[in-house]
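First the structure, in the form of structure tokens, and then the observations on it.
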Amino acid sequence: MMVTPVPANAEPAEFVHPALFYRDLEEYTAGIGGFVRAALEAREPVLLAVPGPHLDALRQSLGGDADGIDWVDMRELGRNPGRILAALQGFADREPGRAARIVGEPIWAGRSRGEILEATRHEALINTAFAGRPATILCPYDLSALPESVVADARRTHPTVIEDGLDGVSPYYTDAAVVCADCDLPLPEPARDLVLVEYAGGELHHVREQAENWVRGTGLDTARRGDFVLAVSEAAANSVAHGGGKGTLRLWNASGGGAVAEIQDSGRLSNALAGRRRPSLTSGNGGRGLWMIHQLCDLVEIRALDTGLTLRLHVSGA
């Protein structure tokens with residue numbers, strides 16, 4: 001079945017963010033292929049950020065047209081969904097004033113529940129981050145493999161959808177703030193033993209020492225242990241600076257030899273895009289710590305509630 005591509009032969013006056021629903025590889029390559037070829041014909045920059053196996057299928061389908069495209073394996077870029085947005089914006093910013101055309105597939109079969117929630121949050125925030133700029137981000141969703149709840153959320157995070165050859169407005173599209181609030185579900189309690197550290201201003205060195213001593217007993221290698229300690233230190237420093245001057249740190253082992261840290265404080269996340277955009281050299285320190293945390297961790301789960309802010313940081317040994 002052929003899927004009608006998003007028109008790309010004329011520069012959009014504003015941001016366009018459709019979901020492409022597909023059921024098999026033929027629909028997938030047809031829908032994305034039409035989108036890409038139209039963009040190339042219009043001499044617009046194209047980025048394909050999809051999971052590795054889909055990259056291979058698209059390269060074969062596009063043939064010689066593949067040479068004019070930027071390719072990224074979303075399994076690497078999007079392992080932590082909090083890193084995706086900055087990469088997409090960085091691509092769009094490479095050629096100011098031109099309409100960037102991007103295919104981004106942040107959710108695929110096999111993603112964990114925590115990853116799916118943060119990827120859904122990312123999909124909602126795309127609409128805020130790209131509002132008013134000439135770009136199109138096409139997001140494929142596999143109807144045959146993804147849970148119905150994921151597909152339902154895709155209809156809420158995308159203003160338009162492409163399904164069964166038809167391109168139309170999604171009646172379920174929802175404001176990003178509402179979707180993000182709906183993603184703030186209770187985090188599961190750890191099943192393993194944990195370490196509890198309470199800290200306040202002037203005690204950040206103690207937090208770092210505790211994290212350094214504890215992480216040596218995990219399955220992380222030296223480099224990843226350093227990433228973990230730095231991420232924990234940045235999160236604790238944010239608590240002192242922006243979270244009421246104190247916080248609580250919990251540490252526990254993850255399956256597969258990884259490590260998890262959870263930082264809780266009484267702070268608020270006033271800007272949902274904080275840490276998801278690359279901080280500029282002239283922007284002061286706002287969001288710089290959270291940006292670094294996203295770069296260091298394999299998953300950052302955020303819960304912004306009336307009672308305070310929780311960051312759960314995952315660093316994998318794999």
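A few remarks follow.
- Candidates 267, 275 - the one that is buried (at least 16 other Cβ atoms within 10 Å of the Cβ), assigned to a loop (DSSP other than H, G, I, E, B) and more than 20 Å from the chain's Cα centre (by Cα): 267
- Enumeration of residues in segment 234-252 that are in a strand (DSSP E or B) and surrounded by 21 or more Cβ atoms within 10 Å (Cβ to Cβ): 247, 249, 251
- Some residue of segment 212-233 being open to solvent by 60 Å² or more (accessible area, probe 1.4 Å) and of a type in the set (S, T, N, Q): yes
Conditions tested, residue by residue: (1) buried (at least 17 other Cβ atoms within 10 Å of the Cβ); (2) without any contact (Cβ under 8 Å) to a residue 24 or more places away in the chain; (3) in contact with a Gly (Cβ under 9 Å, 6 or more places away or on another chain).
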site	(1), (2), (3)
16	yes, no, no
19	yes, no, no
44	yes, no, no
49	yes, no, yes
68	no, no, no
83	yes, no, no
98	no, no, no
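- Close pairs (9 angstrom Cβ cut-off, 6 or more residues apart or separate chains): under 21 Å from residue 266 (Cβ atoms) in segment 187-202, part of a loop (DSSP other than H, G, I, E, B) and open to solvent by less than 30 Å² (accessible area, probe 1.4 Å) anywhere: 200/245; 201/245
- Single residue of segment 177-186 satisfying the filter (under 17 Å from residue 131 (Cβ atoms) and touching a residue at least 12 places away in the same chain (Cβ under 8 Å)) that is most open to solvent (accessible area, probe 1.4 Å): 177
- Count of residues meeting criterion [in a loop (DSSP other than H, G, I, E, B) and either in contact with an Asp or Glu (Cβ under 8 Å, 6 or more places away or on another chain) or not acidic (Asp, Glu) (or both)] in segment 190-225: 10
- Residue list for segment 93-103, filter: at pLDDT 95 or above and either part of a helix (DSSP H, G or I) or aromatic (Phe, Trp, Tyr) (or both): none
- Test: residue in segment 161-176 that is surrounded by 20 or more Cβ atoms within 10 Å (Cβ to Cβ), in a helix (DSSP H, G or I) and within 20 Å of the chain's Cα centre (by Cα): yes
- Some residue of segment 104-123 being in a strand (DSSP E or B), closer than 21 Å to residue 59 by Cβ and in contact (Cβ under 8 Å) with a residue 24 or more places away in the chain: yes
- Selection of segment 119-144 for residues being at pLDDT 95 or above and open to solvent by 50 Å² or more (accessible area, probe 1.4 Å) yields 128, 144.
- Segment 221-252, residues that are touching a helix residue (DSSP H, G or I) at 6+ places or on another chain (Cβ under 9 Å) and among the aliphatic types (A, V, I, L, M): 229, 230, 231, 232, 235, 236, 237, 240, 241, 249, 251
- Condition met for residue 36 (hydrophobic (A, V, I, L, M, F, W, C), crowded, with 21+ Cβ neighbours inside 10 Å and farther than 29 Å from residue 294 by Cα): yes
- Residue in segment 124-153 that is nearest to residue 88 (Cα to Cα), counting only those that are in contact with a strand residue (DSSP E or B) (Cβ under 9 Å, 6 or more places away or on another chain) and assigned to a loop (DSSP other than H, G, I, E, B): 130
- Verdict on residue 311 being under 25 Å from residue 218 (Cβ atoms), part of a helix (DSSP H, G or I) and in contact (Cβ under 8 Å) with a residue 40 or more places away in the chain: no
The values are calculated or read from the model by the stated rules, or taken from the named source; none is laboratory data. Quick caveat, the model's predicted, so the values are computed rather than measured. In this analysis, Cβ positions are derived from the backbone assuming ideal geometry, glycine residues included, and neighbour counts consider all displayed protein chains. Heavy atoms of the whole protein, side chains included, go into the accessibility calculation; ligands, DNA and RNA do not. Shrake-Rupley method; radii C 1.70, N 1.55, O 1.52, S 1.80 Å.
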